[in-house]
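Engineer: Handing you this structure, nothing more for now.
The values are calculated or read from the model by the stated rules, or taken from the named source; none is laboratory data. Everything quoted here is computed from the prediction, not taken from an experiment. FYI the Cβ positions are ideal-geometry reconstructions off the backbone, even for glycines, and counts take in every protein chain you see. We work out accessible area using only protein heavy atoms, side chains counted, and drop any ligands, DNA or RNA first. Shrake-Rupley method; radii C 1.70, N 1.55, O 1.52, S 1.80 Å.
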Amino acid sequence: MKFNIAIVFVWISLTGFGQYNSRGENKSRFRPGVMWYNTGWKPARPEMLRKYDRLMFDITYNDWIGDRKTFKMKGPSMGMNVSWLFEIPLASQNVVSLAIGPSYGFHKLRHDMPVVYDQENRTTTFGDLQDVGLFGKRKLIGHQLSVPLELRFRTKGWRHFKVHIGGKIGYQLSLFEKAKFEQDGVQHVEKIKNAPDIQRLIYSAHVRIGVRDFAVFGSYNFNPMYSGDGSTQLHLLQLGLTISLF
């Protein structure tokens, strides 16, 4: 469902790319997407008109940093962030700006480790690497809502080089395990929502570096996924590619 929504947005944006004038010249560089001229509540001054990176999709590989080793995931650990940000130009031709708005993200981490939920002591503990695969296939899945704030730098012109430095604060909607295993010759799939100490408040830093509509993306969560004193301390790490529709 989430990827179907992304496809719809891509199709809408592309309707603005394929326009040609009477001499056959492609006008996409002047109108990259149907929302190109949306400037907010009031018209923008001519030198501030060009706004970019308002609807962005971060396609991410997800991992963790902390008490368990990084880059040891046992299968696809993908996710996506969708951000709708309002840009505030700070300099002529929009070479420096601020951006803020709502964002939704989901992530999967295929770790295959056993997880112990201690309701009495309110802790969540992940197994060690030697336990990997003994309890079937396991994924940690999360959904978040957040508000990013970015400071953006870009060169002049439509073929611009850009750097975004930002952070976000938000709320962890859900964080649960999905397990697939075989027992007595029967395949089982379980969704486990027993974690007693999910860290609901999230705060992170991120960076994007790229050209025009594409950028490489990296993000690190300062808060651990679980808040218990005896819990396995794990911080979400995301690496990927950002696609900007307009």
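Engineer: Counting only protein heavy atoms, what percent of the accessible surface of the stretch 143-215 is carbon or sulfur at a 1.4 Å probe?
Structural biologist: Working: 2420 of 4010 Å².
Carbon and sulfur atoms account for 60 percent of the accessible area of the stretch 143-215.
Engineer: Something else now. So what's the stretch 62-128 giving for Rg/Rh, alpha carbon basis, Kirkwood Rh from the mean inverse pair distance? Present the calculation step by step, with values, prior to reporting the outcome.
Structural biologist: Working: Rg = 19.2 Å, Rh = 15.7 Å.
Value, to two decimals: 1.22.
Engineer: Next up: Checking a compactness column here: for the stretch 126-228, what do you get for Rg(Cα) / (2.2 N^0.38 Å), N being the number of residues? Before the final figure, lay out each step's value.
Structural biologist: Details: Rg = 19.3 Å, N = 103, 2.2 N^0.38 = 12.8 Å.
Taking the Cα Rg and dividing by 2.2 N^0.38 Å, one obtains 1.51.
Engineer: Next up: With all protein chains present, calculate the accessible area of residue 244 using a 1.4 Å probe and round the result to the nearest 10 Å².
Structural biologist: Here the accessible area works out near 10 Å².
Engineer: Continuing with this model, one more query. Around residue 150, with a cut-off of 15 angstrom between Cβ atoms, what is the net charge of the other residues, counting Lys and Arg +1 and Asp and Glu -1?
Structural biologist: Numbers: positive: 51, 54, 152, 154, 162, 168, 208; negative: 53, 58, 87.
Cβ neighbours under 15 Å give a net charge of +4.
Engineer: Right, something else. So with the 1.4 Å probe, I'd like the accessible area per residue for the stretch 167-217, rounded to whole Å². It would help to have the intermediate numbers written out before the result.
Structural biologist: Values: 2890 Å² over 51 residues.
That works out to 57 Å² for each residue.
Engineer: Kindly give Rg over Rh for the stretch 89-179, based on alpha-carbon atoms, with the Kirkwood expression for the hydrodynamic radius.
Structural biologist: On the way: Rg = 20.3 Å, Rh = 16.6 Å.
Rounded to two decimals, Rg over Rh is 1.22.
Engineer: Report in % the part of the accessible area of the stretch 47-117 that belongs to carbon and sulfur, leaving out ligands and nucleic acids; probe 1.4 Å.
Structural biologist: On the way: 1870 of 2840 Å².
Of all accessible area on the stretch 47-117, carbon and sulfur atoms account for 66 percent.
Engineer: Please state the relative contact order of the stretch 181-246 as a whole percent: Cα pairs under 8 Å, 6+ residues apart? Present the calculation step by step, with values, prior to reporting the outcome.
Structural biologist: Values: 95 pairs, mean separation 18.3, N = 66.
Over the stretch 181-246, the number comes to 28 percent.
Engineer: Taking the alpha-carbon distance from residue 180 and a cut-off under 12 Å, which aspartates and glutamates remain once sequence neighbours fewer than 8 residues away in the same chain are dropped?
Structural biologist: Within the straight-line limit of under 12 Å, residue 180 reaches these aspartates and glutamates: 112, 190.
Engineer: Enumerate the lysines that residue 51 could reach by cross-link, defined here as Cα to Cα under 20 Å, with residues fewer than 8 away along the same chain left out.
Structural biologist: Once the sequence-local lysines are set aside, what remains near residue 51 is 27, 42, 156, 162.
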